[in-house]
Amino acid sequence: MTEPHPPKRQATHLRKHLAKHLAKHLVKHPPKHRPGGIRRWLTAAAGALALTAGLVAAGPPASAASLTQVTGFGTNPGNLSMYTYVPDGLPSGAPLVVALHGCTQSASDYYAHSGWPKFADGYGFAVVFPQTSSANNANSCFNWFQPGDSARGQGEALSIKQMVDKAVAQYGSDTRRIYITGLSAGAGMTANMLAAYPDVFAGGAIDSGLPASCANSVSTAYTCMYSPPDKTPAQWGDLVRSAAPSGTTSWPRVAIWQGTADTTVAPANATELRDQWTDVWGIGQTPSRTESLSGGTTLSVYDDTSGRPAVEVYSIAGMAHGLAVDPGSGTDQCGTAGTYYLDTICSSYHTARFWGLDGGDQGGGTLAAPTGLTVTGTTDTTAGLKWNAVDGAASYAVYRGGTKVGTTTSTTYTDTGLATGTSYGYTVAAVDTAGAAGAASSTVTATTTGFTPTCHTASNYDHVAAGRAYQSGGYAYAKGSGQSMGLWNTYTTHTLEQTSAGYYVLADSGCPA
């Protein structure tokens, strides 16, 4: 069960609480009558009630490298253990990723299931897997809800920072490309680390987690998990700004992952996280664009003023509490399924690309930015681009929303497979003979034609979590039309019709789509 746990003396009480919670959950959400669905539910329930790791470790990736414990990484005031995975022959100057496990888990669990070693091998970066223990927390949770462990320069947070320093010294990691991610309690700690150390981390990913500084005790941790405070974006942003060093002006890029059926960390936390980090970036809470991905995932992208994604929210329809994985050998697949590792979509792949670890990040070369980037035309599913040639360019990299989508040797490109009636931001960079991309062009926006209306029936709570509605003062309102939907809870259900990009209307009497 990846939630905060009080000291050991309260473990018995918590077991009773979890048993009661799971019993209620089973009544409201019985497992689907398929062997796989029942088996997955029982596995999760057994893991939660036992309050032990009990995870079956998968074998390491096909490499001589393996998970290795590192000692002597500092004063370690948080009493953590440091484990690393470093691909064979990793050169100096490579990126570094810090990956934090959830409650009842360990570094080896996260190494075996999360998929990060696959991309460390493929893209070339080192991974630090911090590990806590029952000596710190009865259920081996990172103490994200304790200020003495999650503030800059204190406890577990300082131990993790010391691990970063050790890795940089030992592996020669690029200090400009250090990232942090975590699941549940590890995600709560990730949010706090991003707030406390924005000068260290270039980006983060919060998987089934909570806003930075949401809680300061065990009791407030449960409040945040089940019914997070409805603060304004500015109030959430102020919590980050107060945790960061005074005068901070550069912030990490943040990915937020959340399942809509999560009963451990309420999906509303994703909305509050979005509000927090978009406010920190000084951008609005309306997405620059949305995309449909595999596994029932909706991606909402919030661009910075240069047109590059600053915040991304991945909402996975029907996913419970856990880390999204997608076992398989495909490029965009990763991980192994298990307790709190849920077979939906490979979150590590999309997170790595969001951070630019796949080599798609712009910059590094010396070539000038292409000029004259324009949209030559759009259809329902394509967008055509053209630009002026750059002296010395061997090819050009094309980016959609900051993610590399294609390479061409000409000065034209047609992007395909797009959603109808959707706006996309594009930039182009010239690539030299060594494969280094230069400065990016200015951003242009291409909007595809047409729109296919869709219908969505769900509770007001789930509509808000999926981005089809928003809540204010405890009430839900349809996004775009602003129509009142009643109380923001799981008991009030409505059908919404999406009539255009980002615009929804009530359609309880019948949805034409």
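The table below gives the values:
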| quantity | calculated |
| --- | --- |
| Sequence-distant residues sharing a close amide H with Tyr475 (under 5 Å, placed H) | Trp488 |
| At least 15 Å along the helix axis (C-alpha) and Kyte average at least 1.6, DSSP helices within the chain | none |
| The chain, relative contact order [Cα under 8 Å, separation at least 6], % | 10 |
| Gap separating the Cα centres of the range 449-513 and the range 253-299, nearest whole Å | 17 |
| Gyration tensor verdict on the range 376-425 (Cα atoms; rounded if a/c is under 1.5, prolate if a/b is larger than b/c, oblate otherwise) | prolate |
| Amide H contacts of Ile206 (H built 1.01 Å from N, under 5 Å, at least 5 apart or other chain) | Ala255, Ile256, Trp257 |
| Beta bridge orientation in the chain: antiparallel %, DSSP, nearest 5 | 70 |
| For the chain, accessible area per residue (1.4 Å probe, heavy atoms of protein chains only), Å² | 39 |
| Cβ-defined net charge surrounding His494, 13 Å radius [Lys, Arg +1; Asp, Glu -1] | -1 |
| Ellipticity estimate at 222 nm from DSSP helix runs (n ≥ 4, -39,500 (n - 2.57)) divided over the chain, nearest 500 | -7500 deg cm²/dmol |
| The range 70-144 and the range 402-436: distance between their alpha carbon centers, rounded to Å | 34 |
| All aspartates and glutamates inside 12 Å of Lys386 as judged from Cα atoms, apart from same-chain residues fewer than 8 positions distant | Asp415 |
| Percent carbon-and-sulfur accessible area, the chain, ignoring ligands, DNA and RNA, probe 1.4 Å | 51 |
| Packing rank of 243-250, 121-128, 345-352, where each peptide gets the mean count of other beta carbons within 10 Å, highest leading | 345-352, 121-128, 243-250 |
| Counted charge near Asp326, where neighbours are those whose Cβ lies closer than 10 Å (Asp, Glu -1; Lys, Arg +1) | -2 |
| Lys, Arg +1 and Asp, Glu -1 on Cβ, resulting dipole of the chain about Cα centre, debye, nearest 20 | 1140 |
| Charge dipole (the range 368-488, unit charges on Cβ, about Cα centre) - positive-most of Val428, Gly377, Met485 | Met485 |
| Residue among Ala397, Ala270, Ser288 farthest towards the positive dipole end of the chain, charges placed on Cβ | Ala270 |
| The range 387-505, dipole about Cα centre (Lys/Arg Cβ +1, Asp/Glu Cβ -1), debye to the nearest 20 | 200 |
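The values are calculated or read from the model by the stated rules, or taken from the named source; none is laboratory data. What you see is a predicted model, and the numbers here were worked out from it, not measured in a lab. Glycine gets a Cβ as well: all are built from the backbone with ideal geometry, and neighbour counts include every protein chain shown. The area values use the complete protein model at the heavy-atom level, side chains included, leaving out ligands, DNA and RNA. Shrake-Rupley method; radii C 1.70, N 1.55, O 1.52, S 1.80 Å.
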